[in-house]
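Colleague: Quick one: the structure is below, and I'll ask about it shortly.
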Amino acid sequence: MGKMRTQSVRWRAAAVLASVLLVGGVAACGNSDTGGGGTKDDGKITMGFSQVGAESGWRTANTISIKEAAAAAGIELKFDDAQQKQENQIKAIRNYIQQKVDVIAFSPVVESGWDTVLKEAKDAGIPVILTDRSVDSADKSLYKTFLGSDFVKEGKLAGEWLVEQKKTASGPVNIVELQGSTGAAPANDRKKGFAEAIAANPNLKVIASQTGDFTRAGGKQVMEQFLKANPKIDVLFAHNDDMGLGALEAITAAGKVPGKDITIITIDAVKDGMQALADGKFNFIAECSPLLGPQLMDLAKKVKDGQEVPARIETQETTFTSEQAKEALPNRKY
Amino acid sequence: MNDTMSRYRTMIGHRLFWPAAVLFVMLAANTIYRPGFLSIELKDGHLYGTPIDILRLSAPLILVALGMTLVISTGGIDLSVGSLCAISGAIACMYISKQPDQNSLGVVVTALAMALGVSLVLGAWNGVLVAVIGIQPIIATLILMVAGRGLAQLITEGQIITINSEPYRAIGLGHALTLPLAIFIALAAALLVAAFTRRTALGMIIESVGGNAMASRLAGIRSGRVIFLVYVISAACAAVAGFMMTANVSSADGNAAGLWVELDAILAVVIGGTSLAGGRFFLSGTIIGALIIQTLTTTVYAMDISPQTSLLFKAVVVIAVCLIQAPAFRARFSRRRRNAPPPATIVDKPKEQVPA
């Protein structure tokens, strides 16, 4: 842009500065205050929690559950939103160490690179609990326990329900699968669990499996092609509710009735998914619950008292059929 | 004999020949893989089949790529279009979801007007950064690409907003004359842009600004205004594409709507023969480019290529398309085969000057 030469450099600098401030301002607004003085020793437990971010309804429900459970359990919670950045999370954990909180809990943004900061927490004598996601540290003594969903089990529960439903089927049952984002742990594990479960019946066959990137638009677009390429689809297994919801539209557009012509199984049990299940458009959902707050507070009390806890604890989860969804729907929080 | 030969030369010399040939080969390969690929049937009073899906799904990309074509032809680039899609969809869906009667036409029109208005303001922001303040386009639009997605999530409060509005749904899924409404909207936008750029002097002015902004200014063209204008047009195109994307699934997902569409759009523009250095543009090429990209995506699903290999498959096809499109590569390839330089291609397409 040669003609701009006449403009002063100051203007450009000011604009860049303004833009940086804008970006910084947007990024900063979810950050809660993690500063402040140390904790007094009055027997009350103080927990420092660093959340991944607020990227989905699931995550928001997770945050609310932790905040509510802390209030209910009388635990003082210092909450920090890491905005999907590991450095924010490390900074927050170091803050918690300085403030001498009783327990540190966090959902790691990524798996690796935690050894140093976890070592610092250990040296300070503060127990660490991982939630929802794990870390790949070789030294397992760096954290007390990992509380989170077992994705393989979720896939397995979905598969087992199908095996039970189709045990009388004499002919082949054609299954199509909508995978989550390629390479993501939930996608890999749910696929694995489901495949293991349906191996029990040789009639059950996955005839097509594609990624829908965990999104409605992705699920819909892939399902449209599945329907055109395969005249006989009996079952759809989607790795999350959203892809299933997208696929619903494709199935309806193809002139088929979701839930009847095609049995639909999904994982997650978010509100929109539960609504579809209650309406009979879905047939079965294996829950992946974000509501691990109460379990986390229990664990915090236990580790504070010096009790031994198992190294791996699964979130309490269930499965839903259409009837159960109708009952559970009015109280669904997310 | 000589006559057919020269006609053949003219045909392969045409800038749309190679993109069209690629599209044809892709459709043919799909048809060989599954003979029913191109079949279309009438269902519920409208056409139904994979080609219709490709048309409908490529409509948002065509829109975004149209705006991108104009921006690129001024020598710029607009990375913020994906975030703009998310913002416009989020505003429209959020407003509709808050209304008591979501099916009211008035509500939908208000929602669209609001979302479009905000998008135009954001487009103007890009335009001011580039044209008035003189920031490099890639940096100027990067700001909104990053911040815009955060903005979209602030609007939706991090949730997926589901709506139940028939008029809004029609933007993505409605039909007219048995064909998807979305493709008519994209086509109308394309005709509008073509009319404004090719029936008036605007297109030539844009190209001259892209060729050399300083020289154009000295020749009496207000380069700054033209550059500002193309970013606003690009934002408007992205906004309408955002409506289509969200209407397609009746929900706004601030996180996923329009994700990476800016890259697809740039690719469509390049495949269509528009130079990234600016100075010339081909709207029809861009449309074919967008169709190629959507056909490629659909091919992956239709052939059920495993997700692990599909990215590699796409990369190989894209590289092949870009090489075929490059006159220098074609010239070298045909020289090796025929052992003589083909005069037509080299004379037709002189090597472009990239301004330093």
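Colleague: Right, A:Lys271: within 27 Å of B:Gly158 (Cα to Cα) and surrounded by fewer than 24 Cβ atoms within 10 Å (Cβ to Cβ) or not?
Modeller: Values: within 27 Å of B:Gly158 (Cα to Cα): yes; surrounded by fewer than 24 Cβ atoms within 10 Å (Cβ to Cβ): yes.
Yes.
Colleague: Would you be able to say whether some residue in region B:88-110 is under 19 Å from the mean Cα position of the chain (by Cα) and more than 10 Å from every other protein chain (Cβ to nearest Cβ)?
Modeller: At the first step, the residues of region B:88-110 found to be under 19 Å from the mean Cα position of the chain (by Cα) are B:88-89.
If we keep only those that are more than 10 Å from every other protein chain (Cβ to nearest Cβ) too, we end up with B:88-89.
Yes, region B:88-110 contains a residue that is under 19 Å from the mean Cα position of the chain (by Cα) and more than 10 Å from every other protein chain (Cβ to nearest Cβ).
Colleague: Just the residues that are closer than 19 Å to A:Leu245 by Cα and either part of a loop (DSSP other than H, G, I, E, B) or facing another protein chain (nearest Cβ under 7 Å) (or both), please, taken from region B:151-166. So that I can check it myself, show each step before the final result.
Modeller: Taking region B:151-166 as the starting set, the residues that turn out to be closer than 19 Å to A:Leu245 by Cα are B:156, B:158-166.
Within region B:151-166, B:Gly158, B:Gln159, B:Ile160, B:Thr162, B:Ile163, B:Asn164, B:Ser165 qualify.
Colleague: Residue by residue through region A:53-73, note down the ones that are surrounded by fewer than 23 Cβ atoms within 10 Å (Cβ to Cβ) and in a loop (DSSP other than H, G, I, E, B).
Modeller: Within region A:53-73, A:Gly53, A:Ala54, A:Glu55 qualify.
Colleague: Another question about this same structure. When you scan region B:232-243, do you find a residue that is modelled with pLDDT under 95 and under 23 Å from B:Ser80 (Cβ atoms), even just one?
Modeller: Pass one, region B:232-243, residues modelled with pLDDT under 95: none.
Checked against the condition, which is being modelled with pLDDT under 95 and under 23 Å from B:Ser80 (Cβ atoms), region B:232-243 yields no hits at all.
Colleague: Report, by residue number, each residue of region A:102-115 that is within 14 Å of A:Met47 (Cα to Cα), surrounded by fewer than 24 Cβ atoms within 10 Å (Cβ to Cβ) and not charged (D, E, K, R). Spell out the reasoning first.
Modeller: Residues of region A:102-115 within 14 Å of A:Met47 (Cα to Cα): A:102-107.
Add one more test, that the residue is surrounded by fewer than 24 Cβ atoms within 10 Å (Cβ to Cβ), and what stays is A:102, A:107.
Within region A:102-115, A:Ser107 is the sole residue that qualifies.
Colleague: For region A:246-267, name all the residues that are charged (D, E, K, R) and either under 20 Å from A:Gln165 (Cβ atoms) or in a loop (DSSP other than H, G, I, E, B) (or both).
Modeller: If we filter region A:246-267 for residues that are charged (D, E, K, R), which is where we start, we get A:249, A:256, A:260-261.
A:Lys256, A:Lys260, A:Asp261 - these are the residues of region A:246-267 that are charged (D, E, K, R) and either under 20 Å from A:Gln165 (Cβ atoms) or in a loop (DSSP other than H, G, I, E, B) (or both).
Colleague: So which residues in region A:111-135 are under 30 Å from A:Ala197 (Cβ atoms), part of a loop (DSSP other than H, G, I, E, B) and of a type in the set (Val, Ile, Thr), if there are any at all?
Modeller: A:Val135
Colleague: Any idea how many residues of region B:137-150 are within 17 Å of B:Ser88 (Cα to Cα) and more than 7 Å from chain A (Cβ to nearest Cβ)?
Modeller: Result for region B:137-150: 5.
Colleague: I've got another one for you. Take region A:74-101 and flag every residue that is surrounded by 21 or more Cβ atoms within 10 Å (Cβ to Cβ) and either charged (D, E, K, R) or part of a helix (DSSP H, G or I) (or both).
Modeller: Selection gives A:Lys78, A:Asp80, A:Asp81, A:Gln89, A:Ala92, A:Ile93, A:Tyr96.
Colleague: In region A:230-251, what count of residues is obtained for those that are surrounded by fewer than 20 Cβ atoms within 10 Å (Cβ to Cβ), touching a strand residue (DSSP E or B) at 6+ places or on another chain (Cβ under 9 Å) and within 10 Å of chain B (Cβ to nearest Cβ)?
Modeller: Count: 1.
This table checks each residue for (1) modelled with pLDDT under 95; (2) of a type in the set (A, V, I, L, M, F, W, C); (3) within 17 Å of the chain's Cα centre (by Cα); (4) farther than 16 Å from B:Ala238 by Cβ.
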residue: B:Ile12; (1), (2), (3), (4): yes, yes, no, yes
residue: B:Arg15; (1), (2), (3), (4): yes, no, no, yes
residue: B:Arg34; (1), (2), (3), (4): yes, no, no, yes
residue: B:His46; (1), (2), (3), (4): yes, no, no, yes
residue: B:Gly49; (1), (2), (3), (4): yes, no, no, yes
residue: B:Ile62; (1), (2), (3), (4): no, yes, yes, no
residue: B:Thr69; (1), (2), (3), (4): no, no, yes, no
residue: B:Leu79; (1), (2), (3), (4): no, yes, yes, no
residue: B:Cys85; (1), (2), (3), (4): no, yes, yes, no
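Colleague: Let me spell it out: the conditions are (1) farther than 30 Å from A:Val206 by Cα; (2) exposed (fewer than 15 other Cβ atoms within 10 Å of the Cβ); (3) at pLDDT 80 or above, and B:Gln308 meets all of them except one. Which number is the exception?
Modeller: Unmet condition: (1).
Colleague: Could I ask something else about it? What number of residues in region B:276-307 are outside any helix (DSSP H, G or I) and under 16 Å from B:Ile324 (Cβ atoms)? Walk me through it before giving the result.
Modeller: Here is the first cut: in region B:276-307, the ones outside any helix (DSSP H, G or I) are B:276-282, B:303-306.
Next, from what is left, pick out any that are under 16 Å from B:Ile324 (Cβ atoms): B:282.
Counting residues in region B:276-307 that are outside any helix (DSSP H, G or I) and under 16 Å from B:Ile324 (Cβ atoms) gives 1.
Colleague: Where the second residue is among the hydrophobic types (A, V, I, L, M, F, W, C) and assigned to a helix (DSSP H, G or I) and the first is in contact (Cβ under 8 Å) with a residue 60 or more places away in the chain and more than 7 Å from chain A (Cβ to nearest Cβ) and lies in region B:295-308, which pairs have Cβ atoms under 6 Å and are six or more apart or on separate chains?
Modeller: Sorted first by the residue in region B:295-308, then by its partner, the pairs are B:Thr295/B:Met26; B:Thr295/B:Ile54; B:Leu296/B:Val317.
Colleague: Same structure again: Kindly indicate which of A:Asp132, A:Asp136 is assigned by TED's automatic domain parsing to the domain that holds A:Phe79 and in contact (Cβ under 8 Å) with a residue 40 or more places away in the chain. Can you show your working first?
Modeller: Details: A:Asp136 fails: in contact (Cβ under 8 Å) with a residue 40 or more places away in the chain.
Only one candidate passes the filter, namely A:Asp132.
Colleague: Within region B:67-82, identify whether any single residue is in contact (Cβ under 8 Å) with a residue 12 or more places away in the chain, in a helix (DSSP H, G or I), farther than 26 Å from B:Ser208 by Cα and not aromatic (Phe, Trp, Tyr), and answer yes or no. Let's see the steps before the verdict.
Modeller: Quick first cut of region B:67-82, residues in contact (Cβ under 8 Å) with a residue 12 or more places away in the chain only: B:67-82.
Next, from what is left, pick out any that are in a helix (DSSP H, G or I): B:67-73, B:81-82.
Okay, now just the ones that are also farther than 26 Å from B:Ser208 by Cα, so B:82.
Those left that are additionally not aromatic (Phe, Trp, Tyr): B:82.
Yes.
Colleague: It is to be established whether one or more residues within region B:214-221 are within 13 Å of chain A (Cβ to nearest Cβ), closer than 17 Å to B:Val132 by Cα and either of a type outside the set (A, V, I, L, M, F, W, C) or buried (at least 24 other Cβ atoms within 10 Å of the Cβ) (or both).
Modeller: Yes, there is a match, as at least one residue in region B:214-221 is within 13 Å of chain A (Cβ to nearest Cβ), closer than 17 Å to B:Val132 by Cα and either of a type outside the set (A, V, I, L, M, F, W, C) or buried (at least 24 other Cβ atoms within 10 Å of the Cβ) (or both).
Colleague: Would a scan of region B:38-51 turn up a residue that is charged (D, E, K, R) and either crowded, with 16+ Cβ neighbours inside 10 Å or away from every other protein chain (no Cβ under 14 Å) (or both)? Reasoning before the result, please.
Modeller: Keep residues of region B:38-51 that are charged (D, E, K, R), which gives B:41, B:43-44.
Restricting the remaining residues to those that are either crowded, with 16+ Cβ neighbours inside 10 Å or away from every other protein chain (no Cβ under 14 Å) (or both) gives none.
There is no residue in region B:38-51 that is charged (D, E, K, R) and either crowded, with 16+ Cβ neighbours inside 10 Å or away from every other protein chain (no Cβ under 14 Å) (or both).
Colleague: Of all residues in region B:123-136, which are surrounded by fewer than 24 Cβ atoms within 10 Å (Cβ to Cβ) and either aliphatic (A, V, I, L, M) or within 9 Å of chain A (Cβ to nearest Cβ) (or both)?
Modeller: Hits for region B:123-136 are B:Ala124, B:Val128, B:Val132, B:Ile133, B:Gly134, B:Ile135, B:Gln136.
Colleague: Moving on. Kindly evaluate B:Ala340 against the criterion of being outside any helix (DSSP H, G or I), among the small types (Gly, Ala, Ser) and modelled with pLDDT under 85.
Modeller: So B:Ala340 passes the test.
Colleague: Scan region B:234-249 and give yes if some residue there is surrounded by fewer than 24 Cβ atoms within 10 Å (Cβ to Cβ) and away from every other protein chain (no Cβ under 12 Å), otherwise no. Quick ask: steps written out before the conclusion?
Modeller: Let us first name the residues in region B:234-249 that are surrounded by fewer than 24 Cβ atoms within 10 Å (Cβ to Cβ), namely B:236.
Keeping just the survivors that are away from every other protein chain (no Cβ under 12 Å) gives B:236.
For region B:234-249, residues surrounded by fewer than 24 Cβ atoms within 10 Å (Cβ to Cβ) and away from every other protein chain (no Cβ under 12 Å): present.
Colleague: Let me ask something additional. Across region A:160-194, which residue is surrounded by the most Cβ atoms within 10 Å (Cβ to Cβ) among those that are of a type in the set (Gly, Ala, Ser) and away from chain B (no Cβ under 14 Å)? Explain how you work it out, then say what you get.
Modeller: Quick first cut of region A:160-194, residues of a type in the set (Gly, Ala, Ser) only: A:169-171, A:180-181, A:183-185, A:187, A:193.
Now restrict to residues that are away from chain B (no Cβ under 14 Å): A:169-171, A:185, A:193.
Values: A:Ala169: 13, A:Ser170: 7, A:Gly171: 8, A:Ala185: 14, A:Gly193: 23.
That would be A:Gly193.
Colleague: Given B:Thr156, B:Thr141, which one is closer than 20 Å to B:Leu263 by Cα and buried (at least 19 other Cβ atoms within 10 Å of the Cβ)? Steps first, answer last, please.
Modeller: Details: B:Thr156 fails: closer than 20 Å to B:Leu263 by Cα.
When all the criteria are applied, what remains is B:Thr141.
Colleague: State yes or no: is B:Ala20 assigned to a helix (DSSP H, G or I), more than 13 Å from chain A (Cβ to nearest Cβ), out of contact with any helix residue (DSSP H, G or I) (no Cβ under 7 Å at 6 or more places or on another chain) and touching a residue at least 12 places away in the same chain (Cβ under 8 Å)?
Modeller: Details: assigned to a helix (DSSP H, G or I): yes; more than 13 Å from chain A (Cβ to nearest Cβ): yes; out of contact with any helix residue (DSSP H, G or I) (no Cβ under 7 Å at 6 or more places or on another chain): no; touching a residue at least 12 places away in the same chain (Cβ under 8 Å): yes.
It is false that B:Ala20 is assigned to a helix (DSSP H, G or I), more than 13 Å from chain A (Cβ to nearest Cβ), out of contact with any helix residue (DSSP H, G or I) (no Cβ under 7 Å at 6 or more places or on another chain) and touching a residue at least 12 places away in the same chain (Cβ under 8 Å).
The values are calculated or read from the model by the stated rules, or taken from the named source; none is laboratory data. The structure presented is a predicted model; accordingly, all values stated were derived computationally and were not measured. Backbone-built Cβ (ideal geometry, glycine too); neighbour counts: all protein chains shown.
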